[in-house]
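Here is the structure we will look at.
Each value in this text was obtained by applying a stated rule to the coordinates, not by laboratory testing. Because the structure is predicted, anything quoted here is derived from the model rather than measured. Positions of Cβ are generated from backbone atoms using ideal geometry, with glycine treated the same way; all protein chains shown enter the neighbour counts.
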Amino acid sequence: MTDIKAILKDRILVLDGAMGTMIQRYDLEEEDFRKGWFEKHDSPLKGNNDLLSLTRPDIIKEIHAAYFEAGADIAETNTFSGTTIAQADYSLEHVVYDINYQSAKIAKEVAVEFTKKEPQKPRFVAGSVGPTNRTASISPDVNDPGFRGITFDGLRIAYKQQVEALMDGGVDLLLVETVFDTLNAKAALFAIDEVFEERKMKLPIMVSGTITDQSGRTLTGQTTDAFLISVSHMDLLTVGLNCALGASMMRPYLQVLNKNARFGVSAHPNAGLPNEFGEYDETAEMMAAQIKDYLDEGLVNIIGGCCGTTPEHITAIAELAKNYSPRKFGENGE
């Protein structure tokens with residue numbers, strides 16, 4: 001397999017955009033989330049996007065292809081909520097393996113197709129490992145600050161199941177993303193390490209935190225510096241930021257990573273902040289103009305989009321990125 005780390009030192013790689021934003025364009029109904037798998041399931045399933053890898057793989061395939069066509073080098077699997085913890089809300093813990101395996105398989109098939117067409121631009125698949133809907137660091141009960149909705153071990157077990165299925169499905173790297181609680185991320189990294197050790201093989205790992213507002217902290221109160229230190233015990237491909245903020249507001253925190261990280265740096269910001277209807281108004285051109293500042297400063301090695309971004313945004317970002325050199329890091333870098 002092509003060494004992604006070597007490519008990363010040669011050029012800026014482009015990550016895809018938002019899966020959920022693209023799924024919304026299809027105006028799907030309840031039956032789309034049940035087709036062939038969950039017709040008799042008791043709970044409502046509309047909005048559980050990870051299930052579409054099973055029930056409407058044609059749509060997920062189309063979305064991956066649209067992002068690769070737009071210039072993305074890396075596609076994220078449709079597995080942001082692919083843990084038993086997140087799927088418990090729908091009583092679907094038993095299909096977690098299938099969700100992750102099929103999501104990886106679909107993305108890999110599309111990546112292989114595009115790599116065959118353009119061998120000089122190999123495409124990669126990142127197994128998306130989301131934060132879950134629980135936090136190991138904060139009590140969900142205001143009257144009981146010592147209470148936790150999940151344990152470290154509970155997270156570790158759930159992440160291990162997800163990572164095993166993603167690897168079975170053929171992902172090229174793993175992306176622990178939208179980290180709002182670094183203790184959750186540490187459980188994911190611990191689980192990844194366990195799987196690597198058991199399988200006697202390793203994949204590159206990306207870790208991406210989310211700064212929740214302009215205080216510059218994660219939801220659990222860590223600064224960007226503290227977040228970086230907390231995950232630096234691992235041999236990462238990249239450390240980065242995604243979600244919550246638009247590109248211009250994320251820049252100061254990327255500068256912190258650029259200054260201190262011995263790994264590559266990634267960023268996939270939202271298309272601005274959501275409006276009162278929860279929609280994202282920043283056009284591809286508006287977002288690219290802000291990302292140009294990242295590139296002028298040499299802040300990133302991987303750049304893409306999060307909420308509200310589409311293939312149009314990725315095209316604009318990819319066109320821009322090919323004119324710039326990547327941030328230097330590692331042995332010959334900082």
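Just a few scattered comments:
- Equivalent-ellipsoid semi-axes for the chain (Cα gyration tensor, √(5λ), whole Å, largest first): 27, 24, 21.
- Sparse-neighbour loop sites [trypsin sites (Lys or Arg not before Pro); segment 212-310; at most 16 other C-beta within 10 Å; DSSP]: Arg262
- Stokes-Einstein translational diffusion, segment 271-321 - Kirkwood Rh over all Cα pairs, 1.306 mPa s, 10 °C, in µm²/s: 141 µm²/s
- Counting only residues at least eight positions apart within a chain, or on another chain, the lysines with an alpha carbon under 22 Å from that of Lys186 are Lys160, Lys200, Lys202.
- Which of Ala271, Gly149, Phe124, positive extreme of dipole for segment 4-332 (C-beta unit charges): Phe124
- Straight Cα distances below 23 angstrom link Lys328 to the lysines Lys5, Lys9, Lys121, Lys259, Lys292, with same-chain residues fewer than 8 positions distant left out.
- Where N is the number of residues in segment 70-194, Cα Rg divided by 2.2 N^0.38 Å: 1.16
- Counted residue by residue at 0.36 nm each, then reduced by the alpha carbon distance between them, the extension gain from His41 to His94 reaches 17.9 nm.
- Between Glu62 and Asp141, full extension at 0.36 nm per residue minus the direct alpha carbon distance yields a gain of 24.3 nm.
- Relative contact order, percent, the chain [alpha-carbon distance under 8 Å, six or more residues apart]: 20 percent
- Centre separation in Å (Cα based) which lies between segment 264-334 and segment 186-237: 21 Å
- With a Förster radius of 51 Å applied to the C-beta separation of Lys116 and Asp153, the computed FRET efficiency comes to 0.75.
- Segment 132-291, Rg to Rh (Cα coordinates; Rh as Kirkwood inverse mean 1/r): 0.99
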